[in-house]
Amino acid sequence: MKNRFRIGILLPMFMMIITVQTIVLAQDVNLKIADKDSILVQSVDITAPVINSITVDKTEVNIGDIVTVTLDVTEASGATIVVYYKQPVTGNLNTKVFNKNGEGKYVGTYEITDAIESGTWEIYSIYAADAYNNVARIQNQVDKDLSGGNFTVSGSTSVDITAPVINSITVDKTEVNIGDIVTVTLDVTEASGATIVVYYKQPVTGNLNTKVFNKNGEGKYVGTYEITDAIESGTWEIYSIYAADAYNNVARIQNKIDKDLSGGNFTVSGVYDPVTPPPTPEKNIDENKAIEDIGKAQEGTSISVPVKNNEPIPLTILENLKGKDVDVEFEFENYSWRINGKSINALSEDIKSYDLSVKTIDDPELGELANGEDVLQIEITHNGELPFIGQLTYSVDPTLNGKTVYRYYYDEVLKKLIYQDEAVVIDGEVTFNFEHTSKYVITDSDQLKEASIECSYQTHVQNIGWQGFKTNGDISGTMGQSLRLEGIEIRINGSENLKVEYKTHVQNIGWQDFKSNGEMSGTNGESLRLEAIQIKLTGSDADKYDIYYCVHAQNVGWMGWAKNGESAGTEGFGYRLEGIRILIVPRGTVVPGSTDLPFLRN
């Protein structure tokens, strides 16, 4: 007969209270039952570690010194001790795990380098947990006076707390025409590298053109603008500049308010009169009918909207389609775009229409990058991110029927072709999904594929949903909107021998299991924040590359870069992740930024 006991019995003989709340089977454990009044039970440790004292071997230190901090701890079963120092300049937390020495004390050492912040380092808190998961969290001056651990750093040590400064801006041409290329150069004072984003206000529509500037060999930040027949004529003026360094010091400079940025002005002549708005093309899309058809459409169905003269897609149609499981197929004369309402994210009120017209081009630079292969080059008029997933069906050489063709995106910054995806030609047509539009190469040759390995990733954002895939270190998520990331998908493009695995630390759940190759990590529909992430490469080529990633965390900002399975973000603070950048580079490539403080644990 099986006897069930709930251990929680007062034993007067031993004056001991056993508090482990576990149901056991007597025949399965080492309980020796003599009679109903005699039970032999072994005690268990239920007491958290106690911090008795904290000392330092030096209270005043300089560059080159090493500070040894010693904790006297009462614990019965060994302990994990984590000490959090509040740094004197930035206020960021420095985290270190202390180790037990031969004398039974817990010790941590701090090397004073020129990267250490000057001033008095004070303990913020101590985390102590034993083998039975009895935990103590001691906050300085609240739970205990931990000032015995203070030490003061003197000398020339400092930390970068100054935002980048825009010294000057110049252009190599102030008057340009179709076919020209304008090079805009920024002279920036920064100590730790910077992310520079320049926003130009376009002269006709007033829409903002966004470009990330890159540092050249002379230490300047440079962006180039190709003047095509799709560029608005008139004077292009900088609206603002965003500049952030590796320590998350941020400057936002608005033209004529914070600084005169007129040195970046250039005037485009050619297509449109710079004063008179461009002629409005004859409208042929019946907006009212399209909106009415969308309203009547059942979930899972589709409607057609004829398009002539490459007329842009009105914003009003997309606004009415957003959030519905309905496909709208915009039927142009030689191709079509299909958009599902569920794929539409936040729509900007400043953009009144989306020009999805497609044309075949013959760009010598693309031809050279394609190594002389027989390729189809196309350009989509709208240049940049799309707030939806657009499925383009385009006519190709019918002799390719049944064959696989490959799509490559032309990265104007890196000046190379980036493999994106592949599809099979059916009835002389091929279909690809687009979340970003620019110039592309389509070819039946996969010879370019191995040379264009990249990581693409998308996040599910509070109040927005899935944003669409980003690549090459671009920011996925939001900044300055206090919106949590709830899920993420990551994939590697360009190699069959390279894959990716990743797992996230989720509110109320903790670390989830690893996901891989485009699977979702996080939650869907539960409104739970992501707090941290680990990403690592797998496959036979994993040892040839490094994968770097950094996150923007609530109350912290941009943290340092982690790589190859390290944790990025926070744990135990309840801070949400708001943004992430991921970059894959050949093994041994120079770190893309600071690696300080990629992860914090409380």
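Points to keep in mind about this one:
- Whichever residue in segment 554-582 is modelled with pLDDT under 90 and part of a strand (DSSP E or B) and, among such residues, is most open to solvent (accessible area, probe 1.4 Å): Trp558
- The listed residues are Asn345, Asn383, Asn310, and the only one of them that is outside any helix (DSSP H, G or I), open to solvent by 80 Å² or more (accessible area, probe 1.4 Å) and within 26 Å of Asp411 (Cα to Cα) turns out to be Asn383.
- Looking only at residues of segment 350-364 that are open to solvent by 30 Å² or more (accessible area, probe 1.4 Å), in contact (Cβ under 8 Å) with a residue 24 or more places away in the chain and among the charged types (D, E, K, R), we find that the one that is farthest from Tyr406 (Cα to Cα) is Asp350.
- Condition met for Lys359 (part of a strand (DSSP E or B) and among the basic types (Lys, Arg)): yes
- Selection status of Arg587, closer than 19 Å to Lys470 by Cβ and either touching a His at 6+ places or on another chain (Cβ under 7 Å) or open to solvent by 40 Å² or more (accessible area, probe 1.4 Å) (or both): no
- Among the residues of segment 470-493, those identified as in a loop (DSSP other than H, G, I, E, B) and open to solvent by less than 40 Å² (accessible area, probe 1.4 Å) are Gly473, Thr478, Leu483.
- Of all residues making up segment 72-95, the number that are part of a loop (DSSP other than H, G, I, E, B) and among the hydrophobic types (A, V, I, L, M, F, W, C): 2
- Looking across Lys173, Lys211, Lys215, Lys144, one residue alone is over 25 Å from the mean Cα position of the chain (by Cα), among the basic types (Lys, Arg), closer than 29 Å to Lys439 by Cβ and surrounded by 15 or more Cβ atoms within 10 Å (Cβ to Cβ). It is Lys173.
- Residues being open to solvent by less than 50 Å² (accessible area, probe 1.4 Å), part of a strand (DSSP E or B) and within 24 Å of Val73 (Cβ to Cβ) - total across segment 96-119: 5
- Residue-level check: of (1) part of a strand (DSSP E or B); (2) modelled with pLDDT of 90 or more, Gly148 misses just (1).
- Asp187, sole failed condition from (1) of a type outside the set (Val, Ile, Thr); (2) closer than 25 Å to Gly560 by Cα; (3) at pLDDT 85 or above; (4) surrounded by 17 or more Cβ atoms within 10 Å (Cβ to Cβ): (4)
- Among the residues of segment 392-428, the one identified as more than 29 Å from Ile313 (Cα to Cα), part of a strand (DSSP E or B) and at pLDDT 85 or above is Thr404.
- When Ile303 is tested against (1) buried (at least 16 other Cβ atoms within 10 Å of the Cβ); (2) touching a helix residue (DSSP H, G or I) at 6+ places or on another chain (Cβ under 9 Å); (3) modelled with pLDDT under 90, just one condition goes unmet, and that condition is (3).
- Scanning segment 176-206 for residues that are in a loop (DSSP other than H, G, I, E, B), within 30 Å of the chain's Cα centre (by Cα) and either under 18 Å from Leu261 (Cα atoms) or of a type in the set (Val, Ile, Thr) (or both) yields Gln202, Gly206.
- Positions within segment 78-109 being charged (D, E, K, R) and within 27 Å of the chain's Cα centre (by Cα), in sequence order: Lys86, Lys96
- Of all residues making up segment 494-550, the number that are surrounded by 16 or more Cβ atoms within 10 Å (Cβ to Cβ) and in contact (Cβ under 8 Å) with a residue 40 or more places away in the chain: 25
For every residue, the table says whether it meets (1) within 22 Å of Gly572 (Cα to Cα); (2) in contact with a helix residue (DSSP H, G or I) (Cβ under 6 Å, 6 or more places away or on another chain); (3) free of Cβ contacts under 8 Å to residues at least 24 places away in the same chain.
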{"position": "Asp72", "(1), (2), (3)": "no, no, no"}
{"position": "Thr90", "(1), (2), (3)": "yes, no, no"}
{"position": "Thr95", "(1), (2), (3)": "yes, no, no"}
{"position": "Asn99", "(1), (2), (3)": "yes, no, yes"}
{"position": "Gly102", "(1), (2), (3)": "no, no, yes"}
{"position": "Glu111", "(1), (2), (3)": "no, no, no"}
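- Qualifying residue in segment 309-324 (condition: closer than 18 Å to Tyr440 by Cβ and free of Cβ contacts under 8 Å to residues at least 24 places away in the same chain): no
The values are calculated or read from the model by the stated rules, or taken from the named source; none is laboratory data. From a predicted model like this one, the values you see are computed outputs, not experimental measurements. So basically every Cβ, Gly included, is an ideal-geometry build from the backbone, and we count neighbours across all protein chains shown. Just the protein is used for accessible areas: all its heavy atoms, side chains included, with ligands, DNA and RNA removed. Shrake-Rupley method; radii C 1.70, N 1.55, O 1.52, S 1.80 Å.
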